[in-house]
Amino acid sequence: MDMENVKQIFRDAGTAISRAVQFTEEKLGKAEKTEQDPNFEQLVTFCDNTKQNTETILKNMEFILNSNPGIRVENLFFLDKKKSGLSSSEYLGIAMTEAGNDFGPDTAYGSALIKVGNIQQTLGLNQREFIKSANDCFVNPMNKYLETDMKTVVKERSLLEKRRLDLDACKTRVRKTRMLATTKVKAEHDLKVAQEEYNRQAEITKLLMEGVPSAHPQHLQHLLDFVDTQAAFYLKCHESLMSLQSDLSGFPSDQDNIATLSPDTPALGRIQQAKVITSQEPRDAHDLRLSAGENTKIYKM
């Protein structure tokens, strides 16, 4: 390491110490702080609000779009490569179709399970397509904005704060060396340089912050694109469910099953309900009086 590099290291260390001392004395109220004009402070507030609100929106958006923790865990451990990345609806659909095939696709329950399972898988596929579209049209562009434009603004503001600390530290040194002619000239020269660097950095930072409001129209377009994507997703889901509902309308309901119950129907439990088809008068004390249309309970022994 040559001598020039060593000197630079010491200069950087001295600057860092000077900034730390200035910052500490400001916090303790022992040093003056250069304040920005109200317009500049308004820009700072606007930039902070834009950054914080955008980050909050994206955090909640990503939580909604990636609300299935099973997807992330399964992708992490590769438990089942064939099913890796499926949504909850697709897992449900697979379970239903497998159960329907086990019960028999020629039975009412088995056939219904297969139909519902197929639609659940379609809903899951629609969901994954929606997640991809939402990421493409909203999440990714907004993240890119935070990682490029906003990151540059934050970086330049940080540099401005360092220049401000350097400037105020120089002002403090000038006041302290006012009576010492040997050091006064150098302190005033350092103050002039610090003031020029601060003014230049303040101008750069202000220009960048003034560009933040102009990004909002583009953010609005991303938001509108997201709404269009979400509306299309729910419309597809609605159409699929309406089609499923229509397909299932021909299946016997619970009341239909009761009306057609016969002694040969296998019992599903210890108690079954039956709807009386034909009236019956009791033939002896052990018989029941039954009227057509009424419901009665059958107890399986």
Go through (1) at pLDDT 75 or above; (2) of a type outside the set (S, T, N, Q); (3) in a strand (DSSP E or B) one by one and return the number of the condition residue 251 breaks.
-> (3)
Give me the pairs: first residue in the stretch 223-241 and within 27 Å of residue 93 (Cα to Cα), second residue of a type outside the set (Asp, Glu) and surrounded by fewer than 17 Cβ atoms within 10 Å (Cβ to Cβ), beta-carbon distance under 7 Å, and six or more apart or on different chains, which are they?
-> none
Matching entry among 171, 132, 155 (being of a type in the set (Lys, Arg) and over 24 Å from residue 193 (Cα atoms)) | 132
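Given 71, 64, which one is open to solvent by less than 70 Å² (accessible area, probe 1.4 Å), among the aliphatic types (A, V, I, L, M) and either at pLDDT below 95 or not in a helix (DSSP H, G or I) (or both)? So that I can check it myself, show each step before the final result.
On the way: 64 fails: open to solvent by less than 70 Å² (accessible area, probe 1.4 Å).
Just a single option satisfies the conditions, and that option is 71.
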Quick count over the stretch 283-294, residues being at pLDDT 70 or above and open to solvent by 90 Å² or more (accessible area, probe 1.4 Å), is 3
Whichever residue in the stretch 38-69 is charged (D, E, K, R) and touching a residue at least 12 places away in the same chain (Cβ under 8 Å) and, among such residues, is farthest from residue 127 (Cα to Cα) = 51
Which one is farthest from residue 51 (Cα to Cα), of the residues in the stretch 149-173 that are crowded, with 18+ Cβ neighbours inside 10 Å and of a type in the set (A, V, I, L, M, F, W, C)?
-> 170
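Could you go through the stretch 174-195 and let me know if any residue there is in contact (Cβ under 8 Å) with a residue 60 or more places away in the chain, β-branched (Val, Ile, Thr) and surrounded by 16 or more Cβ atoms within 10 Å (Cβ to Cβ).
No, the stretch 174-195 contains no residue that is in contact (Cβ under 8 Å) with a residue 60 or more places away in the chain, β-branched (Val, Ile, Thr) and surrounded by 16 or more Cβ atoms within 10 Å (Cβ to Cβ).
The values are calculated or read from the model by the stated rules, or taken from the named source; none is laboratory data. Bear in mind the structure is a predicted one, so any value in this text is a computation, not a measurement. Reconstructed Cβ throughout: ideal geometry from the backbone, glycine too, with neighbour counts over all protein chains shown. Heads up: the accessible areas ignore ligands, DNA and RNA and are worked out on the full protein's heavy atoms, side chains in. Shrake-Rupley method; radii C 1.70, N 1.55, O 1.52, S 1.80 Å.
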